[in-house]
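*Asks:* Following this message is one structure expressed as structure tokens.
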Amino acid sequence: MYDGLLWKNTGQGPRRVILQYSTRQKLIRRAHDESGHRGRDPTYKKLVEFYYWPHMWRQIAVHCRTCYQCQIRSTYRPIVPISPTW
């Protein structure tokens, strides 16, 4: 605990702030928007430098999958076999 914030120190890099649940979603949205809606990995890399919380990668992945802008820009088109309905 330092300056009223909880920190994680792994010994392999800088200390990272452990965020409260209420702050996480706002921060993910902001980092994702600022990284240009480039997806999960750039958003994760931007946040993991300074912050930590359990299941961080998974929460970022869910946000990116449900991001409206990313869904519109996505080039993913599932291949559906054409089969007659009769």
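*Asks:* Cut-off is 10 Å between beta-carbons; in what order do Val80, Val48 appear when sorted fewest neighbours first? Mind dumping the intermediate values first?
*Replies:* Numbers: Val80 6, Val48 14.
So the residues, fewest neighbours to most, are Val80, Val48.
*Asks:* On a full-extension model of 0.36 nm per residue, what is the gain between Thr66 and Gln25, subtracting their alpha-carbon distance, rounded to one decimal in nm?
*Replies:* Values: separation 41, 0.36 × 41 = 14.76 nm, distance 1.26 nm.
Roughly 13.5 nm would be gained on extension.
*Asks:* Karplus couplings for the range 69-86 from phi (6.51 cos²θ - 1.76 cosθ + 1.60, θ = phi - 60°), rounded to Hz, Gly and Pro as x?
*Replies:* Here the 3J(HN,Hα) series is 4, 5, 5, 5, 7, 4, 9, 5, 10, x, 8, 10, x, 7, 9, x, 9, 9 Hz.
*Asks:* Please rank Tyr52, Tyr44, Tyr21, fewest neighbouring Cβ atoms within 10 Å first, as an exposure proxy.
*Replies:* On the way: Tyr52 17, Tyr44 20, Tyr21 8.
Arranged by neighbour count, lowest to highest, Tyr52, Tyr44, Tyr21 become Tyr21, Tyr52, Tyr44.
Only the coordinates and a few stated rules stand behind these numbers; no lab work does. Quick caveat, the model's predicted, so the values are computed rather than measured. As a convention, Cβ positions derive from the backbone with ideal geometry for all residues, glycine included, and neighbour counts pool all protein chains shown.
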